[in-house]
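Scroll down for the structure; my scribbles are underneath it.
The values are calculated or read from the model by the stated rules, or taken from the named source; none is laboratory data. Everything quoted here is computed from the prediction, not taken from an experiment. For neighbour counting, all protein chains shown are included, and Cβ atoms are generated from backbone atoms with ideal geometry for every residue, glycine included.
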Amino acid sequence: MAATGANPMSMIAFLAQLRLRPRISLARRIARLIALHRTRRALALLDPHLLRDIGLEAQTARREAARRAWDAPEHWFDRLPPR
């Protein structure tokens with residue numbers, strides 16, 4: 001076996017986790033990424049007093065809004081409504 005630097009147990013755990021995830025279509029996954037992008041864009045446009053209303057500081061909101069759509073935990077996509 002070639003040395004890949006990966007821990008074999010972590011690879012097994014990763015593959016097992018993939019099997020447990022429900023399969024969704026590519027179109028639905030793309031729609032969810034677009035929805036997350038829109039949400040982050042809207043967050044970037046909120047005024048400071050509105051950010052305070054939802055318990056966020058302006059710096060935290062800017063940092064979250066600057067993240068890429070694919071830079072999100074998988075469970076976030078479960079909360080986004082399908083479009």
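Worth pointing out:
- A44 falls short on exactly one of the conditions (1) of a type outside the set (D, E, K, R); (2) at pLDDT 80 or above; (3) more than 17 Å from the chain's Cα centre (by Cα), and that condition is (3).
- Subset of the range 45-74 (residues that are surrounded by 10 or more Cβ atoms within 10 Å (Cβ to Cβ) and of a type in the set (S, T, N, Q)): T60
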